[in-house]
Structures are given as C-alpha cells and as structure tokens.
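No value in this document is a laboratory result; all are computed from the given coordinates. The structure displayed is predicted, hence computed values, not measured ones. Virtual Cβ from ideal backbone geometry, glycine too; neighbours counted across all protein chains shown.
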Amino acid sequence: VLGAVLGGVLILVNPLPSVASEEATRFQFLWQYMILICSILFGLVTAILVASLTWFRGQRRDMSDGPPIHGITWLEIAWTAVPTVIVVSIVVFSWIVLNRNNPSSAAASTKQDVEAAGQTNVLEVNVVGYQFNWDYDLPQYDINASTELVVPVNRDILMRISGRLGDVIHSFWVPAWRIQMNTVPGKVVSIGVKPTKEGDYAVVCAFLCGTAHAQMNSDVEGGTVSRIRVVSNTEFEQWTRETRAEQQEEAQQDEAAAGGAEGGGETTTGAGE
Ligand SMILES: [Cu+2]
C-alpha cells in the first residue's frame, strides 16, 4: 500500500519536463509503468524488513542460527515466476516503445528508409555539435548552419546527428522531446521525433565537453545555444523563407568582400536580386 501510494504521488507530481512529442508520450508511459512497479516493490521490501525487525527480533546475545527452513515449493515457484513476469513485461513494453519511437534508427537512416517505414513528408534536419554550439542544416529548405532551429508542429522529423570533425564528443538532448543522442565527429546517427506541442524547448549538451560546456545549455544565463521553437506550419514556412534570404544575402556580402579585397572592384553577380 505504501509503495502504491508513493508510486501514485510520483506519477501525479511528475518531476519530469513537459511532454512535447509523440516519442515523449510513449516514454512517459514507460516511466510511469516502471515507477509504479518499483514503488510497489520498494513498499513491499520495506514492509517485510520493518515487520521482521519488529516481530522476529532475536534475543540479546543470542548468537545461535535460526531454524533451517528448506523446500517450500509453492513459495519458490512464486518468487521465481512473479519477478520473471515483471521483468519480461518491462522488456516487452520497452521494446515496443523503442521500436515505435525510432523507425528511423540504425538501419533506416535515409529519408527514403523512413518513408518506407510509413512516414511521409519527413523533415530532414542535420545537427552538428561543436564547441560550443549546435548548427542545424535543413537541406530541403537550403538552410545551412543555422544556430537557431525552428520546426513545424505535428510533422515527422528525421534528425541526423553528428559532430564537427576535429571536435570533441557532445550529446544532443531535448528533454521535452525525450530524445538524446551522442554526437561523435565523423559519425552520423539518426533519430526520429514528432513534436506535438508548439512552444520553446530547451536544448542541452549532456556531455562534459570543455570549459564552456555549461553554456551549451539553452536555459543557462549567458548560454550560447538557443531554444528550439516549435511553430505552426505557416510560421515555419515563413521562417525558412526569411532565414534562406538572410543566408543568401550574407553569402553575397562575403563574396563581394572577397572580390573587393583581391580583385579591386570586380563586379559581383546577383546584387540586384
Ligand atoms: Cu557540448
């Protein structure tokens, strides 16, 4: 009873961040299921321990052994079968959750693979971690190395996560989405996510990665990272247009500056666009 109450309280209080993706909903279920089991077991073990200490206490200075009890078959079967059922149920639930959460993992790492797994209109985002920020590429929208990420709500996202060559290992973590993936320079891993709630969500680097590691958290003061914004589809389209235009303008300015420096006033193309 004590355990069930403890479990209920933990589930109601819910110390975890808000749930803002389909994946997070599934993990939340798994978490609640395991909290309930662990709490009940904790209550049971504690109750038996306290009962044993209270009612089966030995006499002072009594160093003799207890009676040798052996062979209560039904009890032995029970304490083997019950934990087996519990552990197997956790395995089965975890397996289902992990499988549903990540049709885009491991074997399926391209957009085609993900779409073959039944998702359509997948948004591709390449995340690159480095000291001390994240760059986001949206190849379908011609957006490169943006330090801000804006994504539409209710759309499947395929995140390809890696680290900048020559950099150290980081870990890309979005608590409200319940996704976390290590970034290893030169290695690309993918993870699927479908945000279900609009809003701003924290991005955290979960690996101690250098002197400014703490700043690789969008929610600390003086951080270098911006929060991920989940917006409506129209707002997303607008952001992609604006960001693309900004990036093209910057590229043109860079080109103009480079041209001016070396060629002494060479004309640049496309300035009037
Ligand atoms: Cu980092």
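Using only Cα atoms, figure out Rg for the chain and give it as a multiple of 2.2 N^0.38 Å.
1.46
As a check on your grasp of the helix formula, calculate [θ] at 222 nm for the chain: sum -39500 (n - 2.57) over DSSP H runs of n ≥ 4, divide by the residue count, round to the nearest 500.
-14500 deg cm²/dmol
GNM, the chain, Cα, under 10 Å: largest mean-square fluctuation among Asp200, Asp62, Asp156?
Top of the fluctuation ranking is Asp62.
Between Ser21 and residues 5 or more places away or on another chain, which pairs have amide H atoms under 5 Å apart, with H built 1.01 Å from N, and which residues are they?
Thr196
Counting only trypsin sites (Lys or Arg not before Pro) that sit in a DSSP loop (anything but H, G, I, E, B) with at most 10 other Cβ atoms within 10 Å, what is the longest stretch of the chain containing none of them?
It works out to 62-273.
Distance in nm between label sites at Ile90 and Val1, each 7 Å beyond Cα in the beta-carbon direction?
2.6 nm
Would you kindly derive the ³J(HN,Hα) couplings of the range 152-160 from the backbone phi angles with the Karplus curve 6.51 cos²θ - 1.76 cosθ + 1.60 (θ = phi - 60°), listing them in order in whole Hz, with x for Gly and Pro?
For the range 152-160, the Karplus-derived couplings read x, 6, 6, 10, 5, 10, 9, 9, 10 Hz, x marking Gly and Pro.
By how many nm would the segment from Arg100 to Phe207 grow when fully extended, if each residue of separation counts as 0.36 nm and the alpha-carbon distance is taken off?
35.9 nm
Please report Rg (one decimal) and Dmax (integer) in Å for the Cα set of the range 202-241.
For the range 202-241, the Cα radius of gyration and maximum Cα-Cα distance read 13.4, 39 Å.
Can you say what percent of the DSSP beta bridges in the chain, counting only those with both residues inside, are antiparallel? Round to 5.
70 percent
What do you get when you divide the Cα radius of gyration of the range 1-48 by 2.2 N^0.38 Å, with N the number of residues?
1.26
Evaluate E = 1/(1 + (r/R0)^6) for Val82 and Lys187, where r is the Cβ-Cβ distance and R0 equals 45 Å; express this FRET efficiency to the nearest 0.05.
Result of the calculation: an efficiency of 0.60.
Of the beta bridges DSSP finds with both residues in the range 111-263, what % are antiparallel, to the nearest 5?
Of those bridges, close to 70 percent are antiparallel.
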